[in-house]
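Comments concern the structure below.
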Amino acid sequence: MNISVREIAEFLGAHVKGDENLLISGFASLDRAQPHDLTFLADKKYLPALESSRSQVVLVSQDIETDKTLLITENPKLSFARLLEKETRPQDIKPGVDARAWVEEGAHVSKTAVIYPFVTVRRGAQIGENVILYPGVYVGEKAVIGDHSILYPHVSVYAETNIGKRVIIHAGTVLGSDGFGYVWDGEKHFKFPPVGSLIIDNDVEIGANSALDRGALNETSIGEGTKIDNLVQVGHNSHIGKFCILCGQVGMAGRVQVGDGSVLAGQVGIADGLRIGSGAKIAGQSGVTKNIEDQKTVFGTPAMDFNDYMKIVALWKKLPKMAKELRELRNELEELKK
Amino acid sequence: MNISVREIAEFLGAHVKGDENLLISGFASLDRAQPHDLTFLADKKYLPALESSRSQVVLVSQDIETDKTLLITENPKLSFARLLEKETRPQDIKPGVDARAWVEEGAHVSKTAVIYPFVTVRRGAQIGENVILYPGVYVGEKAVIGDHSILYPHVSVYAETNIGKRVIIHAGTVLGSDGFGYVWDGEKHFKFPPVGSLIIDNDVEIGANSALDRGALNETSIGEGTKIDNLVQVGHNSHIGKFCILCGQVGMAGRVQVGDGSVLAGQVGIADGLRIGSGAKIAGQSGVTKNIEDQKTVFGTPAMDFNDYMKIVALWKKLPKMAKELRELRNELEELKK
Amino acid sequence: MNISVREIAEFLGAHVKGDENLLISGFASLDRAQPHDLTFLADKKYLPALESSRSQVVLVSQDIETDKTLLITENPKLSFARLLEKETRPQDIKPGVDARAWVEEGAHVSKTAVIYPFVTVRRGAQIGENVILYPGVYVGEKAVIGDHSILYPHVSVYAETNIGKRVIIHAGTVLGSDGFGYVWDGEKHFKFPPVGSLIIDNDVEIGANSALDRGALNETSIGEGTKIDNLVQVGHNSHIGKFCILCGQVGMAGRVQVGDGSVLAGQVGIADGLRIGSGAKIAGQSGVTKNIEDQKTVFGTPAMDFNDYMKIVALWKKLPKMAKELRELRNELEELKK
């Protein structure tokens, strides 16, 4: 790539202070940038790093004293991401079905889709416009992949899973596997065969090696714009709202409801059938055993109000002193009694 | 499907109250059922949902006042699951080895097995009757897959793994990978090359993206009828008993023994070499650092008796009050001393 | 195999006490050994097991009274592992690219590499000498796989990932997937498209179904000789030192630094941007929320000094007594006041 500061400013609606004719040939962090790399200042605390950076062009949120050329926008990191997105869009991808893929009779594949070798598309499945299925992707019977979605290698999509538009699924993730449901029949765990589905709305992204189960009778669903990290488990019949964040290794049992805009930090676990309110924040490794109200922040196992938990943790550290004080009080009281 | 209430009653041994000639064309939960869907009442607390349900045919455990047709059995959810199992059995599956699969010379594949494209079966491996290997399954040298087992896409079976009959393995799961064993040689971690195997008994089901290691010298084993959820780790030389339940993201280090009928809730971790008794129950996220007796229920990290832990958690919440009371006692005692 | 005690002694530099002409035909643990299996005594506490073992040849660290033939070395388990490594090296593997693999034009594959069916190697990728790529491995554009590395089935290597020599990656693991990075744009989470890479140094081994993200702008890196277990998550821009141990289901958020020789036990979680010192030890399930000094051992969520945490846990168990004692002190003090 080779793009002028002027062109960048036009694309981003940024204000320029400095040389509009400078050419940018790459993207980098402040400490690694070469003179022709674009970089950005996310926070004033990085000002020293900016000064020592070799980059000549920096995205910033306000005018600063420097001899570098500045591109001024409200949110430099967002602007940087927007430009990155534009400049790193995959190119040279030729639509079509590779001869080494297996598209079963009765599958519908858009002519603009890219189907790489070793991909399977079963009968009744629908692959939308500009979809990219990387090698080894499996799409089961009657599953739907919406326009512009990308499935990386070895993603497994079970039958009847419904995936929206502009969805990104990273390698190895499994969508629509059987939920963990059995009925004890007196001798063994009898499997409850799931006939529900998994519905993933538009603009969802899911990391690598996650596993999302289909519903037992009804559906499991992931709301629009929600982002899910690696190695996350979503149990059957769970409903995740819109624009949620589920960090790495989060696990939720079956029938969990999560409201819009909630944030579940890494390794959080949520027990069966609970309701997590909208805008809730759950700190890392918390084990949730009760419903959580809207906007609430919790921590701990079992999870409780974040500030209450932090006070408790502080008192844990005073427990040795408290035990000692108790012994002393006892002794002094016995003395007094005498 | 189209099946009459009479046929259902005969298959399940159910008692009918109402119209035996009604036809059922689907399965649904109470709230989603259409008139011709069969549904079931798992618990009396759902009676209001039953009344408002559009379904005309309901599996129940005892006679109730309603104008719907009732199928009465001892365990309605189990009966529902039995019928579901019968009616959702995959059909139209033609046995045979697809030309795009790689069956190495010296592998033995039953004529009734289904081998889809992009499957690998290495030399010395044995694939039993009616086995289904979905696209991308890898079966290593001398591995055995018992009759009627189903391996979903991209399951990896390492060499010499032995899988029983009627086993179901969901997509992406890895069976028989090398255990995590090294010997420090003064300069680096020297790998202890495993030569043990992994043995999975009949009627086991394992979820998606789990990882079960082979033994170092002896075997790792999973007992008959045990059910394992998604993203579970079973370390080398561990032995899981019969009819156990291992929920999502459970992790056990090497050489763990779990007795028959134990239940490990989500995200439980078990340290190296421990013995978990039969019928033990381990609450979610517990970190087990000591052996656990038969029938015992534990919680917490480190895990302890469940009721003890719940009492402790209740007292955590009183710690601020206790600290305050200690300070007051100290002050009042000093007053008294004067 | 058939190897004499004399040959073993020569290979290991071991001292023999007994019959040098005995032939060994296998490897086993003390309790499972047949007469011609080699076994080893890792610790004196297993001496009774040694005596009852059927094995006639044992690796030991010093002379003991027995009628078995002894091979005496400084570290019997290490010696056993060395011999195992030599004797179990895969043989009969023919180099070459299988006709069912897809090696894209512009990829460089060494003539000594083994490329099995259903493998993908994209343009610009480099596959080194004696590399083995099992069925279903995906190697993205410009990725590099160093000499003698082994990638088991369905490993996904994203574009530009750089893997060193003698690296082993187990089935299903994903290397170089996009990190979990978004910028809120007022309406939705806008993806920060990663352009960084993942660099894995020589002699690293990674278990099954793990997920390691590429860097956002710079790299994620794993140091020489570090061993990573199954289902581990390494976030973007993290740097793991040399000879570290990351046990099963460890999860680290983005931008974590781990010093050389650190040990992270199972299910440990580490929050964003932290620095873990060299030689640190983190007990299982700990949730690390602050930097950890070199050589420090920690436990708990939030993680603290291991001994402090164990004292606190011991005091938790005394909380019911402490609460009772507090009530009694209060009552007795009130009595005294009267």
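Listing for the model above:
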item	result
Criterion: out of contact with any His (no Cβ under 9 Å at 6 or more places or on another chain), more than 10 Å from chain C (Cβ to nearest Cβ) and free of Cβ contacts under 8 Å to residues at least 40 places away in the same chain - qualifying residue of A:GLN249, A:GLN233	A:GLN233
Which listed residue, of C:ASP37, C:ASP19, is surrounded by 19 or more Cβ atoms within 10 Å (Cβ to Cβ) and in contact with a Ser or Thr (Cβ under 7 Å, 6 or more places away or on another chain)	C:ASP37
Residue check, C:GLN91 within 17 Å of C:VAL5 (Cα to Cα) and not aromatic (Phe, Trp, Tyr)	no
Residue that is surrounded by the fewest Cβ atoms within 10 Å (Cβ to Cβ), among those in the stretch B:300-338 that are within 21 Å of A:MET322 (Cβ to Cβ) and among the aromatic types (Phe, Trp, Tyr)	B:TRP316
Residue match in the stretch C:201-215 (condition: open to solvent by 10 Å² or more (accessible area, probe 1.4 Å) and at pLDDT below 95)	no
Out of B:ALA159, B:ALA107, sole residue that is open to solvent by 10 Å² or more (accessible area, probe 1.4 Å), more than 9 Å from every other protein chain (Cβ to nearest Cβ) and more than 30 Å from B:GLY248 (Cβ to Cβ)	B:ALA107
Total residues in the stretch A:26-50, condition in contact (Cβ under 8 Å) with a residue 24 or more places away in the chain and among the hydrophobic types (A, V, I, L, M, F, W, C)	7
Scan of the stretch B:1-19 for residues that are touching a helix residue (DSSP H, G or I) at 6+ places or on another chain (Cβ under 8 Å) and assigned to a loop (DSSP other than H, G, I, E, B), ordered by number	B:MET1, B:ALA14, B:GLY18, B:ASP19
A:ASN331 vs. criteria outside any strand (DSSP E or B), within 21 Å of C:GLU334 (Cβ to Cβ) and among the polar types (S, T, N, Q)	yes
Scope the stretch C:131-178; condition part of a loop (DSSP other than H, G, I, E, B), of a type in the set (A, V, I, L, M) and over 19 Å from C:ALA216 (Cβ atoms); matching residues	C:VAL131, C:VAL137, C:VAL155, C:VAL167, C:ALA171
Evaluation of B:HIS236 against (1) closer than 24 Å to B:ASN162 by Cα; (2) part of a loop (DSSP other than H, G, I, E, B); (3) under 16 Å from the mean Cα position of the chain (by Cα) (one fails), failing number	(3)
Hits in the stretch A:268-282 (condition: open to solvent by 30 Å² or more (accessible area, probe 1.4 Å) and assigned to a strand (DSSP E or B))	A:ARG275, A:LYS281
Residue within the stretch B:41-63 that is in contact with a Leu (Cβ under 8 Å, 6 or more places away or on another chain), surrounded by fewer than 15 Cβ atoms within 10 Å (Cβ to Cβ) and of a type in the set (D, E, K, R) present	yes
Selected residue (only one of B:GLY251, B:GLY261 is touching a Cys at 6+ places or on another chain (Cβ under 7 Å), crowded, with 20+ Cβ neighbours inside 10 Å and under 22 Å from A:ALA271 (Cβ atoms))	B:GLY261
Residue check for B:VAL313: closer than 21 Å to C:LYS318 by Cα and more than 9 Å from every other protein chain (Cβ to nearest Cβ)	no
Number of the exception - C:ILE93 against (1) buried (at least 19 other Cβ atoms within 10 Å of the Cβ); (2) β-branched (Val, Ile, Thr); (3) part of a loop (DSSP other than H, G, I, E, B)	(1)
Failed item, numbered, when C:GLY176 is tested on (1) at positive phi; (2) open to solvent by 10 Å² or more (accessible area, probe 1.4 Å)	(2)
Candidate set: the stretch B:286-299, residues that are within 15 Å of B:ASP272 (Cβ to Cβ) and touching a Lys or Arg at 6+ places or on another chain (Cβ under 9 Å); chosen: the one least open to solvent (accessible area, probe 1.4 Å)	B:ILE292
Cβ-Cβ under 8 Å pairs, at least 6 apart or on other chains, the stretch A:204-217 side within 14 Å of chain C (Cβ to nearest Cβ) and touching a residue at least 60 places away in the same chain (Cβ under 8 Å), far side in a strand (DSSP E or B) and surrounded by fewer than 24 Cβ atoms within 10 Å (Cβ to Cβ)	none
Residue list for the stretch C:216-233, restricted to those being part of a loop (DSSP other than H, G, I, E, B), among the polar types (S, T, N, Q) and at pLDDT 95 or above	C:THR226, C:ASN230
Residue match in the stretch A:183-194 (condition: open to solvent by 40 Å² or more (accessible area, probe 1.4 Å), within 30 Å of B:GLU87 (Cβ to Cβ) and aromatic (Phe, Trp, Tyr))	yes
Selection status of C:TYR134, under 30 Å from A:ASP260 (Cβ atoms), open to solvent by 10 Å² or more (accessible area, probe 1.4 Å) and either aliphatic (A, V, I, L, M) or at pLDDT 95 or above (or both)	no
Residues satisfying the stated conditions in the stretch C:144-192, i.e. closer than 23 Å to A:VAL204 by Cα and of a type in the set (Ser, Thr, Tyr)	C:SER156, C:TYR158, C:THR173, C:SER177, C:TYR182
Residues satisfying the stated conditions in the stretch C:177-190, i.e. under 19 Å from A:SER262 (Cβ atoms) and either free of Cβ contacts under 8 Å to residues at least 24 places away in the same chain or among the small types (Gly, Ala, Ser) (or both)	C:GLY181, C:TYR182, C:VAL183, C:TRP184, C:ASP185, C:GLY186, C:GLU187, C:LYS188, C:HIS189, C:PHE190
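Residue by residue, here is whether (1) part of a loop (DSSP other than H, G, I, E, B); (2) among the small types (Gly, Ala, Ser); (3) under 22 Å from the mean Cα position of the chain (by Cα); (4) more than 21 Å from B:GLY266 (Cα to Cα) holds:
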residue	(1), (2), (3), (4)
C:GLY284	yes, yes, yes, no
C:LYS290	yes, no, no, yes
C:ASP294	yes, no, yes, yes
C:THR301	yes, no, no, no
C:TYR309	no, no, no, yes
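Residues checked against (1) within 14 Å of A:VAL139 (Cα to Cα); (2) of a type in the set (D, E, K, R):
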residue: A:THR66; (1), (2): no, no
residue: A:ILE72; (1), (2): no, no
residue: A:ALA81; (1), (2): no, no
residue: A:PRO95; (1), (2): no, no
residue: A:ARG100; (1), (2): no, yes
residue: A:VAL114; (1), (2): yes, no
residue: A:THR120; (1), (2): yes, no
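The values are calculated or read from the model by the stated rules, or taken from the named source; none is laboratory data. Source: prediction; values computed, not measured. With ideal geometry, Cβ positions are generated from the backbone for all residues, glycine too; neighbour counts draw on all protein chains shown. Heads up: the accessible areas ignore ligands, DNA and RNA and are worked out on the full protein's heavy atoms, side chains in. Shrake-Rupley method; radii C 1.70, N 1.55, O 1.52, S 1.80 Å.
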